[in-house]
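Following: one structure in C-alpha cells, then a few remarks.
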Amino acid sequence: MKIYEKGPAPSARRVSLFLAEKNIEIPRVNVDIGGGENLSDEFAALSLNKKIPVLALDDGTSLCESMAICRYIDAAFPTNNHLFGDTPIAIGQVEMWNRIVELDGLFPAFQAFRNITGIYDDRERCVPAWGEESKQRVIEFLPRLEARLEHSAYTQTT
C-alpha cells in the first residue's frame, strides 16, 4: 500500500493527519503537481480525477479523494480510535461538520486561492472575480467556525 501525495497540499494533508491520529504508517510517494506529473497517463491509471491524494492498494485497486481514503483506512484498520464516530449520533455529527467545513470553508478557500493566484492557469480557466467572491464566502464562514470552536477543541467530537 502507498499514498501518492504532495505533502503541503490540503487534501493530502488531511489524509496525513488522519493517519497520524490512527498511528498508521504508510509509504508515501511525492507527486510533482506543479510540474504536471498528476496529469500523466501513468498517474491517470491510479487516480480517476488526476488529483492527489491517491491510496494505491497492494491488489492494484486505488482510491482517490481524501475522505474516501480516510473512510477506507478507518474501516481497514479498526481501533478504539473511531475518527468517524462510534454511535449513530456521533457518526451523523462528524459527517455534518465535515460537510459544513468542506462546503462552506474549504472549497471556497480552494477556489479563492486558485482563481486569485492563477496558480494553475496553464490547465484551467482562472476567474479573479470568482476568486474574490469565494474569498468573501470564506470570510463570512469563519465566525461560524470560531463559534463552534469556542465549545470544542475540534469541529467534530465523538
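FYI, it's all coordinate maths here, none of it is from the lab. Owing to the predicted nature of the structure, the values given are computational and were not obtained by experimental measurement. Cβ atoms come from the backbone with ideal geometry, glycine included; neighbour counts cover every protein chain shown.
At most 11 other Cβ atoms within 10 Å and a DSSP loop assignment: could you name the chymotrypsin sites (Phe, Trp or Tyr not before Pro) in the range 90-158 that fit? Don't jump to the answer; show the numbers that get you there.
Values: sites: Trp97, Phe110, Phe113, Tyr120, Trp130, Phe141, Tyr154; in loops: Tyr120, Tyr154.
Hits after loop and neighbour filter: Tyr154.
In terms of the Cα gyration tensor, with a ≥ b ≥ c the square roots of its eigenvalues, is the chain rounded because a/c is under 1.5, prolate because a/b exceeds b/c, or oblate?
Oblate is the answer for the chain, as a/c is 1.5 or above yet b/c matches or exceeds a/b.
Have a look at the range 2-76 and give its Rg and Dmax from the Cα atoms, expressed in angstrom.
11.5, 34
Amide H neighbours of Val127 under 5 Å, at least 5 residues apart or on other chains, H built in the peptide plane: list them.
For Val127, no residues qualify.
Which value in deg cm²/dmol, rounded to the nearest 500, describes the helix-derived mean residue ellipticity at 222 nm for the chain, given -39,500 (n - 2.57) per DSSP H run of n ≥ 4 and division by the residue count?
Helices in the chain give a 222 nm mean residue ellipticity of -15000 deg cm²/dmol.
Students often forget the sequence filter, so: which lysines lie under 29 Å Cα-Cα from Lys2 once same-chain residues fewer than 8 apart are removed?
In chain and number order, the partners are Lys22, Lys50, Lys51.
What is the distance in Å between the Cα centroid of the range 1-56 and that of the range 106-130?
So the separation of the two Cα centres works out to 21 Å.
Count the DSSP beta bridges whose two residues both fall in the chain, then state the antiparallel fraction as a percent rounded to the nearest 5.
Details: 6 of 9 bridges.
Here the share of antiparallel DSSP bridges comes out near 65 percent.
So what's the convex hull volume per residue for the Cα atoms of the range 88-149, in Å³?
Numbers: hull volume 5.0 nm³, N = 62.
Hull volume over Cα atoms, normalised by residue count, gives 81 Å³.
Name the residue from Tyr4, Ala68, Ile26 whose Cα lies farthest towards the positive end of the charge dipole of the range 2-76, charges +1 on Cβ of Lys and Arg and -1 on Cβ of Asp and Glu.
So the residue furthest toward the plus end is Ala68.
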